[in-house]
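One structure is given below, encoded as structure tokens.
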2 protein chains.
Amino acid sequence: MKKLINDPRDVVVESVEGFVLAHSDIVTVHGDPWYVARVGGAVPGKVGVVSGGGSGHEPMHVGYVGAGMLDVAVPGPVFTSPTPDQIAAAVRAADGGAGVLAVVKSYTGDVLNFETGAELAQAEGVEVERVVVDDDCAVESSTSAVGRRGVAGTVVVEKIAGAAAARGDDLAGVARVARRAIEQVCSMGVALAPCTVPHVGRPSFDLPDDEVEIGIGIHGEPGRRRVPLASADEITTTLLDAVADDLGILAGERVLLLVNGMGGTPLSELYIVYRRARALLADRGVRVTRSLVGDYTTALEMQGASVSLLRLDDELTALWDAPVHTAALRW
Amino acid sequence: MKKLINDPRDVVVESVEGFVLAHSDIVTVHGDPWYVARVGGAVPGKVGVVSGGGSGHEPMHVGYVGAGMLDVAVPGPVFTSPTPDQIAAAVRAADGGAGVLAVVKSYTGDVLNFETGAELAQAEGVEVERVVVDDDCAVESSTSAVGRRGVAGTVVVEKIAGAAAARGDDLAGVARVARRAIEQVCSMGVALAPCTVPHVGRPSFDLPDDEVEIGIGIHGEPGRRRVPLASADEITTTLLDAVADDLGILAGERVLLLVNGMGGTPLSELYIVYRRARALLADRGVRVTRSLVGDYTTALEMQGASVSLLRLDDELTALWDAPVHTAALRW
């Protein structure tokens, strides 16, 4: 295992320490229970937005803490859910008196721990709503999730929920918009090479030199099928067709197109995937009116990418366009 | 070779096509000679700023085209200089009547082709100044460069030169500021694993499983020495000490700290490097007043990182902070 790390047990803590030092104008860290919050704390009267989950997907979630997106992020160990205590503390810290929306990725551990964490906070009088992101259309269930998994579309949901909270929606309103975004976003990924979890020390799966895994999860979970290594255009066609068909996108509709890198893929390759996805959407008569290309939801150094579509309307477009000031997304 | 590409000969063109489609609000592409320019063309009365070089370092340089940074970027083939004709056309396109600054990375091919390209544009009446970035303190000369190489510090120079042009400095003034930034920036990198140039099809160098290359160049050129794989803290100490000593940074001084990923390194590891660099600078009594952490000057999917320092004063800080609106840097 070749990594720029110290003791594998310290990877997450040291990385978050560096992150908070580098972005001390935006975030602050709270210890025991451990979470990362916006500088200045909860905004009075604004719905708080919290997310979290296993680490190893950076910049998700700590990179999305800041004005217009998350108030607090709760990092767990690599690929492992944070504890209910952490989540409860994060929810309390995000509460400015208007309640808190927790954005949860659809994994068994996250769903359970966020449920318990929310109950703990509710017992102390914090109003909490939870939404579960399950945008991965590769498989209907897997070893890590009951139902579809939550992957790169989570970034889109967090941005839109954060914008709804920032414009002053009440908790029911923010939850409504977040659920609408979840219904309208769909993703599928591919892996060319696996990643290695630091404390495990060996690749999370084996993949022959001439095969790729279509429908990979962001922890290396199996996807739909292994196929021979094909061109970027062929692989992109498989991903885009699956996503567009699953969402039922029709000619004349508008979408946000997100091409997400898994951590070890050159940016130049993501733009080759984007180029093909654009051509396929043009063939379908679908208009790409917003785009995002880069490493937004990663799996350590996994080599691969995912394609996500969000069906846009005027409201979702305005919420996407609203100002955001985080370490990883800023406009 | 496992890559998300089509024909290896089409990698650069297809990637740039995707890039321009994704960022059509910021950039436009010109064919034959081939370059990427700001939407709206040269700004009348403003000094134009141009850069370019071999591709494979994305987001450098196309990702830095936009308000407050580059007016035009000229991409060559992977790790190969663009032609003098391309450069001449780029310089002409960037000229708003106040002349053009060309920011050149210190490689033999780039230096020669930018010299010829500038002469061609000058022959048509465009005033041109060139500055050569040679921030890599790993080696005094290499197979690819006469003198020090230009690496991640180039991003800093391009940002500062672009800001000087945007505030209305004349050509001599923009060149003066750029040269001052070049004198005050220094970098050194490490590779854990090599990259593969698509049209070559095999890794650009071999590195045993238990060794790293200290002082690696951004094309995989040899560095200072190969050493056994060590902890992130030990490797960072080697890099930071070399850079800080070379610049002669003293207690009480202010710096910008850039931790740059080479393309295949998880963001979490870059923050572990950043954390250690901050501690070492604190020990030296040096104040880190600006930071940048991420993949800004890559070598395809190379696994590794570099540490850069820029000695800051009030003027360089103000130019760094000035608004920028590009695909890869925005504030």
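Please determine whether any residue of the range A:318-331 is facing chain B (nearest Cβ under 10 Å) and within 24 Å of A:E183 (Cα to Cα).
So far as the range A:318-331 goes, yes, one or more of its residues are facing chain B (nearest Cβ under 10 Å) and within 24 Å of A:E183 (Cα to Cα).
Any chance the range B:304-314 includes a residue that's open to solvent by less than 50 Å² (accessible area, probe 1.4 Å), over 16 Å from the mean Cα position of the chain (by Cα), among the hydroxyl-bearing types (S, T, Y) and within 13 Å of chain A (Cβ to nearest Cβ)?
Within the range B:304-314 (the criterion being open to solvent by less than 50 Å² (accessible area, probe 1.4 Å), over 16 Å from the mean Cα position of the chain (by Cα), among the hydroxyl-bearing types (S, T, Y) and within 13 Å of chain A (Cβ to nearest Cβ)), the answer is no, since none of the residues qualifies.
Given the conditions (1) buried (at least 23 other Cβ atoms within 10 Å of the Cβ); (2) in contact with a Cys (Cβ under 8 Å, 6 or more places away or on another chain), which single one is not true for B:A165?
(2)
Can you tell me how many residues in the range B:238-268 are within 13 Å of chain A (Cβ to nearest Cβ) and either surrounded by fewer than 21 Cβ atoms within 10 Å (Cβ to Cβ) or of a type in the set (K, R) (or both)?
So the count comes out to 1.
Show the residue pairs meeting these rules: Cβ distance below 6 Å; 6+ apart or different chains; first residue within the range A:24-52 and over 16 Å from A:G117 (Cβ atoms) and hydroxyl-bearing (S, T, Y); second residue open to solvent by 60 Å² or more (accessible area, probe 1.4 Å) and not in a strand (DSSP E or B).
Every condition considered, the pairs that remain are A:T28/A:V39.
List pairs: first residue in the range A:207-233 and open to solvent by less than 40 Å² (accessible area, probe 1.4 Å), second residue part of a helix (DSSP H, G or I) and of a type in the set (V, I, T) anywhere in the structure, Cβ distance under 7 angstrom, at least six positions apart or on different chains.
Filtered contacts from the range A:207-233: A:V212/A:I235; A:I214/A:T238; A:A232/A:I272; A:A232/A:V273.
Yes or no, residue by residue, for (1) closer than 18 Å to A:M69 by Cβ; (2) open to solvent by less than 10 Å² (accessible area, probe 1.4 Å):
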{"residue": "A:V131", "(1), (2)": "yes, yes"}
{"residue": "A:D134", "(1), (2)": "no, no"}
{"residue": "A:C137", "(1), (2)": "no, yes"}
{"residue": "A:S144", "(1), (2)": "no, no"}
{"residue": "A:G147", "(1), (2)": "no, no"}
{"residue": "A:G150", "(1), (2)": "yes, yes"}
{"residue": "A:G153", "(1), (2)": "yes, yes"}
{"residue": "A:K159", "(1), (2)": "yes, yes"}
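May I ask you to say which residue of A:A138, A:A175 is modelled with pLDDT under 95 and more than 14 Å from chain B (Cβ to nearest Cβ)?
A:A138
Can you name every residue in the range B:88-115 that is of a type outside the set (D, E) and more than 22 Å from B:R148 (Cβ to Cβ)?
B:A88, B:A89, B:A90, B:V91, B:R92, B:A93, B:A94, B:G96, B:G97, B:A98, B:G99, B:V100 - these are the residues of the range B:88-115 that are of a type outside the set (D, E) and more than 22 Å from B:R148 (Cβ to Cβ).
Looking at (1) out of contact with any helix residue (DSSP H, G or I) (no Cβ under 9 Å at 6 or more places or on another chain); (2) within 13 Å of chain B (Cβ to nearest Cβ); (3) over 28 Å from B:G56 (Cβ atoms); (4) not charged (D, E, K, R), which is the one condition that is false for A:H219?
Exception for A:H219: condition (2).
Has the range B:120-127 got at least one residue that is under 23 Å from B:V197 (Cβ atoms) and outside any loop (DSSP other than H, G, I, E, B)?
No; the residues of the range B:120-127 include none that is under 23 Å from B:V197 (Cβ atoms) and outside any loop (DSSP other than H, G, I, E, B).
Given (1) open to solvent by 20 Å² or more (accessible area, probe 1.4 Å); (2) assigned to a helix (DSSP H, G or I), where does A:V177 come up short, assuming only one miss?
Failing condition for A:V177: (1).
Given the options B:L280, B:L292, B:L300, B:L270, name the one that is over 19 Å from the mean Cα position of the chain (by Cα) and modelled with pLDDT of 95 or more.
B:L280
Considering only strands (runs of 3 or more DSSP E) fully contained in the range B:1-108, which possess at least 1 residues that are open to solvent by 30 Å² or more (accessible area, probe 1.4 Å), farther than 19 Å from B:D169 by Cβ and within 14 Å of another protein chain (Cβ to nearest Cβ)?
By residue number, B:27-30, B:72-78.
Only one residue in B:P8, B:P75 is within 16 Å of the chain's Cα centre (by Cα) and closer than 22 Å to B:M302 by Cβ, so which one is that?
Values: B:P8 fails: within 16 Å of the chain's Cα centre (by Cα).
Exactly one of B:P8, B:P75 is within 16 Å of the chain's Cα centre (by Cα) and closer than 22 Å to B:M302 by Cβ, namely B:P75.
Could you count how many residues in the range A:269-287 are buried (at least 19 other Cβ atoms within 10 Å of the Cβ) and touching a strand residue (DSSP E or B) at 6+ places or on another chain (Cβ under 9 Å)?
Going through the range A:269-287 one residue at a time, the tally reaches 9.
Across the range A:269-287, what is the total count of residues that are touching a helix residue (DSSP H, G or I) at 6+ places or on another chain (Cβ under 9 Å), more than 8 Å from chain B (Cβ to nearest Cβ) and over 27 Å from B:P266 (Cα atoms)?
Number satisfying all stated conditions: 6.
May I ask you to list the residues in the range B:297-331 that are in contact with a Gly (Cβ under 8 Å, 6 or more places away or on another chain), hydroxyl-bearing (S, T, Y) and under 30 Å from B:S24 (Cβ atoms)?
Result: B:T298, B:T326.
The values are calculated or read from the model by the stated rules, or taken from the named source; none is laboratory data. Quantities reported herein were computed from a predicted structural model and do not represent experimental measurements. Here the Cβ is made from the backbone with ideal geometry for all residues, glycine too, and neighbour counts use every protein chain on show. Each accessible area value is taken on the protein alone, full model and side chains, heavy atoms only, with ligands, DNA and RNA left out. Shrake-Rupley method; radii C 1.70, N 1.55, O 1.52, S 1.80 Å.
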